[in-house]
1. Just the projected area, averaged over all directions, of the convex hull on the alpha carbon atoms of the chain: how many nm²?
2. So how much slack lies between Gln102 and Leu61, counting 0.36 nm per residue of separation and subtracting their Cα-Cα distance, in nm?
3. What is the distance in Å between the Cα centroid of region 52-106 and that of region 27-44?
4. Could you run the Karplus curve 6.51 cos²θ - 1.76 cosθ + 1.60 with θ = phi - 60° over region 116-127 and give me ³J(HN,Hα) per residue in whole Hz, x for Gly and Pro?
5. If the reach is capped at under 19 angstrom between alpha carbons, list the lysines near Lys125, excluding any in the same chain fewer than eight residues apart.
6. Take Arg79, Arg62, Arg37 and order them by how many other Cβ atoms sit within 10 Å, fewest up front.
7. Given Cβ point charges of +1 (Lys, Arg) and -1 (Asp, Glu) and nothing else, what value in debye, to the nearest 20, does the dipole of the chain about its Cα centre take?
Amino acid sequence: MNVLADIGEFSAYPNTSLLFTRSFIEKQRPLAKNLLRSQIEAIHYVRTNRDGSIKALKKYLRVDDVEAVAATYDFFSHRLESMPRPNLEGLRNILREMDAPQRNPLEFVDTTLLDEIEKEGFVQKLR
């Protein structure tokens with residue numbers, strides 16, 4: 001495979017798959033926390049189970065080319081952080097693109113649920 005560019009080498013850009021509104025967290029905090037736990041557990045599975053992850057990718061992407069799926073897994077799996085924290089540098093980049101560089105990315109994120117999950121030792125229990 002010829003690699004033209006590695007997106008991991010470019011400027012940070014957020015790639016988050018799970019977002020909640022503040023009102024959802026207020027109304028459904030336990031559910032939001034459980035959803036985050038499930039995402040953390042899924043990340044752990046991907047990072048520690050190559051064969052199982054490739055099998056799942058083949059199934060849900062509906063791709064039979066094992067080599068292509070394995071290359072996709074290899075590309076993305078080592079870029080996953082164990083905790084899906086917001087990428088503040090990436091948010092700064094988006095704010096600059098939106099002509100709002102004066103805005104603080106922390107105005108748009110709330111990591112209290114992740115902080116709670118971390119303090120509870122959830123990630124350490126997965127190891």
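All of the numbers you see were taken from the coordinates with simple rules; none came from a lab. As the structure is a computational prediction, the values presented were derived from the model and not from experiment. With ideal geometry, Cβ positions are generated from the backbone for all residues, glycine too; neighbour counts draw on all protein chains shown.
1. Details: hull surface 39.8 nm².
Dividing the Cα hull surface by four gives the mean projection, 9.9 nm².
2. Numbers: separation 41, 0.36 × 41 = 14.76 nm, distance 4.00 nm.
Gain on extension, Gln102 to Leu61, equals 10.8 nm.
3. Centre-to-centre (Cα) distance: 18 Å.
4. Coupling constants for region 116-127: 4, 4, 5, 4, 6, x, 4, 5, 5, 5, 6, 6 Hz.
5. Leaving aside lysines fewer than 8 places away in the same chain, those within reach of Lys125 are Lys33.
6. Details: Arg79 10, Arg62 7, Arg37 16.
In order of increasing Cβ crowding within 10 Å: Arg62, Arg79, Arg37.
7. On the way: 19 positive and 19 negative charges, 103 e Å.
I would put it at about 500 debye.
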